[in-house]
Amino acid sequence: MESLTNSEMDRIERWAVATEFDRLLSFFESKPPHFIIPRPVLIGSKHREDFYVKGHVSCLAMARIVVRELDEPYNPVFERSIVRTIPASTVRKEPRQAFNDAIRHGRKGLGVCLAATSGNCSGKIVRAHTIQRAVMARHADAGHVYHLDTITEHKTLNLIHKVGVVKATTFPGFCNFHDTALFAPIENLPFMATAEQFHRFHLRAAAQALFDRKYWAVGVRSEIIRRDPGQAKTHEGAIGASQADSPEAEREFLSCLKAVREGDFSVIDTRCWIGNTAPSIMGSELFAPRKDFCGKLVQNPKARSHAWVSLTITEVNRSTLVLLSGRKNCPVFTALADSLEKVGMRGRSQAVASYALCQLCNMIILPAWHKSLSEWHRKTLSTMMRSQYFPRAEFPSVPQWNLRKASANDFKT
Ligand SMILES: [Zn+2]
């Protein structure tokens, strides 16, 4: 197994002190799936202590440490340090089959309707699309688009896989009745940029976020206990991490659902951009932003509570539509939306695509753009999507969508 050289370890320590996460990640992504760090190497600070890593590491594990654990910027205050030594026994040559199977099956059949408290559930749980199936289908290649599978374990490094439009961006979180009733204003009516439609897009993103954080973990955990009880503890880290902020996603979803019941769509503010060409990616996600579109920090990810926003990239009238929604008067939302204004039309498509693909999960790549990428670009894109860090310098270029700020007048017929 390859060991890092002294000069490589020196370089890592220089990047660590300068908080050059992009360079650190690109370096680890260029290494084989597993490699050895022979001496404790400083990779940054964590809770204001110097943080060192040594041992048998993987690119994925290093990316997780950099993105989720380190202080940004580098900020050691105490003359103390943490050394994490990763033993050889953690190296896995084969994907964990029981884990993968549990992931695949754990998402099905939980029988949960997220809107059950509103009453009138029809009982049958359906696969709710977060991006309209018909919109995706127009761009699909033999019924398929592409997504990144970050959760199940693979042997290869290219994690961009084909997915059928029947399945893409779906989650089994609503009964038939509520899926139809809650999203009829965006599924069945033409897009008119009304406050009500904006609200429903945000609600759907919130529902998906809540489902994936809360119920997905419940399903996977019970599948693991059924399939591989001896390994339940080993898998717990990956599952537990996904649940950490589920109370915040739940709060956002429930308050949006309440607003729908009361017909009050004034709690959510939305900024809307429209292009004049078809999108290259699509997706919709609720998240707690860490950076704005220019790469500037907008909130501390390690804070106790966070502001949440939703980003939706879809298509209307054969043009790319980008929606950014958050609480009215929320400074984090305003900073994020203002930063996208500031980027200017020429750089806006690139900013939106790299922001979404480098940090969010519920995103798909459309075949036309995928086809135009070289093998090297696909691999680069795949590793960037997996590392989940923004901004990245070498992000492949996306086609120009010519996004400009839109208002309700743009959609009047
Ligand atoms: Zn229901």
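What follows draws every value from the coordinates through simple rules; no lab data is involved. Here the structure is a predicted model, which is why all the values come from computation and not from measurement. We place every Cβ from the backbone using ideal geometry, glycine too, and count neighbours over all the protein chains shown.
Distant-in-sequence amide contacts of Val163, defined by a placed amide H-H separation under 5 Å and a gap of 5 or more residues or a different chain, comprise Val145, Tyr146, His147.
Among bridges DSSP assigns within the chain, what percent are antiparallel (round to 5)? Around 85 percent of the beta bridges assigned by DSSP in the chain are antiparallel ones. Mean separation of Cα pairs under 8 Å and 6 or more residues apart, divided by the residue count, gives the chain a relative contact order of 15 percent.
Checking every one of the trypsin sites (Lys or Arg not before Pro) in the stretch 199-294 against DSSP loop status and a limit of 13 other Cβ atoms within 10 Å picks out no site at all. Rounded to the nearest 10 degrees, the angle from helix 232-243 to the longest Cα principal axis of the chain is 50 degrees. Ordering Ala259, Ala205, His306 by the projection of their Cα atoms onto the charge dipole of the stretch 196-310, which places +1 on the Cβ of Lys and Arg and -1 on the Cβ of Asp and Glu, puts His306 at the extreme positive end. Taken about its Cα centre, the chain carries a charge dipole of about 480 debye when Lys and Arg each add +1 at the Cβ and Asp and Glu each add -1 at the Cβ. With respect to the cross-link table entries Lys291/Lys412; Lys167/Lys258; Lys291/Lys328, which display a Cα-Cα separation exceeding 23 Å? Violating the 23 Å limit, Cα to Cα: Lys291/Lys412; Lys167/Lys258. Spatially, the stretch 267-316 and the stretch 182-203 are offset by 17 Å when compared through their Cα centroids. For the chain, the 222 nm mean residue ellipticity estimated from helices alone, with every DSSP H stretch of n ≥ 4 adding -39500 (n - 2.57) and the total spread over all residues, rounds to -12000 deg cm²/dmol.
Can you give me the angle between helix 97-106 and the longest principal axis of the chain, using Cα atoms only, in degrees from 0 to 90, rounded to the nearest 10? Relative to the chain, helix 97-106 is tipped by roughly 20 degrees.
Compared with the dominant Cα axis of the chain, that is its longest principal axis, helix 176-187 is turned about 80°. What is the dipole size for the stretch 203-243, taken about its Cα centre, with +1 at each Lys and Arg Cβ and -1 at each Asp and Glu Cβ, in debye to the nearest 20? The dipole magnitude comes to about 100 debye. In the chain, taking the dipole from charged Cβ atoms about the Cα centre, the farthest positive-side position among Ser7, Pro185, Ser246 is held by Pro185. In terms of the Cα gyration tensor, with a ≥ b ≥ c the square roots of its eigenvalues, is the stretch 97-411 rounded because a/c is under 1.5, prolate because a/b exceeds b/c, or oblate? Rounded. A full extension of the chain between Ala134 and Glu79 corresponds to an added length of 14.0 nm, given 0.36 nm per residue minus the alpha carbon distance. Centre-to-centre, using Cα atoms only, the stretch 231-266 and the stretch 347-385 are separated by 26 Å.
Put a plus charge on the Cβ of each Lys and Arg, a minus charge on the Cβ of each Asp and Glu, and nothing anywhere else: the dipole of the stretch 173-294 about its Cα centre is then about 280 debye.
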